[in-house]
Ligand code: TMP
């Protein structure tokens, strides 16, 4: 049985993911839906260790294929330990990022071959895909200014502006290509308006 729904939240840096993740969680819980909130990379002790490896700034250059495989290694563990069991017992899963981030960051940002990412997606996920992916979209400069106010930057946050322009473009491309799975929300609006838009998307889902 797989009656739970799988929701993911995506966006570039400083887009307001944490605030809106809490909004979606509260929205679902207010409707008596059991929801497991999790994140990628991470979501299990092992996958959180891999997250630490991925985000740490280091002198050694990180090979892009190594980065890609670490992301999917963490994901395999997360799916097996958290996502599939929760969905199987009928709970909903809300993940702060999932494979769209790989298409956006490793595919768009780093320029890795999309077909390779798709192959890994099939290998690691089988036919598991989110029922809904909310993409919070914002002007990259505005987002980075917000993110920089949070303190020290991690390895991804330290990338240059054009990296994030490519990440944003990849997210937008995926949203446009598959409007059934994706909803793009303008995160440059007031928080109230952003959450009204999210509310409308969620109303359609249940
Ligand atoms: P965040 O959860 O604080 O946004 O940090 C996670 C970082 O990891 C973020 O910069 C995006 C990056 N990331 C990837 O590069 N590829 C992925 O597949 C995922 C899930 C995250």
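Which of the following residues is out of contact with any helix residue (DSSP H, G or I) (no Cβ under 7 Å at 6 or more places or on another chain), closer than 26 Å to residue 55 by Cα and in a helix (DSSP H, G or I): 162, 197?
None of the others qualify; the one that does is 162.
In segment 174-186, is there at least one residue being assigned to a helix (DSSP H, G or I) and surrounded by 12 or more Cβ atoms within 10 Å (Cβ to Cβ)?
Yes, that holds for at least one residue.
Looking at (1) in contact with a strand residue (DSSP E or B) (Cβ under 6 Å, 6 or more places away or on another chain); (2) more than 22 Å from residue 167 (Cα to Cα); (3) touching a residue at least 60 places away in the same chain (Cβ under 8 Å), which is the one condition that is false for residue 134?
The single condition residue 134 does not satisfy is (2).
Identify, from the list 56, 101, 66, the residue that is in contact with a strand residue (DSSP E or B) (Cβ under 9 Å, 6 or more places away or on another chain), within 13 Å of the ligand (Cβ to nearest atom) and under 18 Å from residue 154 (Cα atoms).
101
Within segment 35-49, is there a residue that is touching a strand residue (DSSP E or B) at 6+ places or on another chain (Cβ under 7 Å), modelled with pLDDT of 95 or more and over 27 Å from residue 164 (Cβ atoms)?
Checked segment 35-49: at least one residue is touching a strand residue (DSSP E or B) at 6+ places or on another chain (Cβ under 7 Å), modelled with pLDDT of 95 or more and over 27 Å from residue 164 (Cβ atoms).
The values are calculated or read from the model by the stated rules, or taken from the named source; none is laboratory data. Keep in mind that what you see is a predicted model, and the values were worked out from it rather than measured. With ideal geometry, Cβ positions are generated from the backbone for all residues, glycine too; neighbour counts draw on all protein chains shown.
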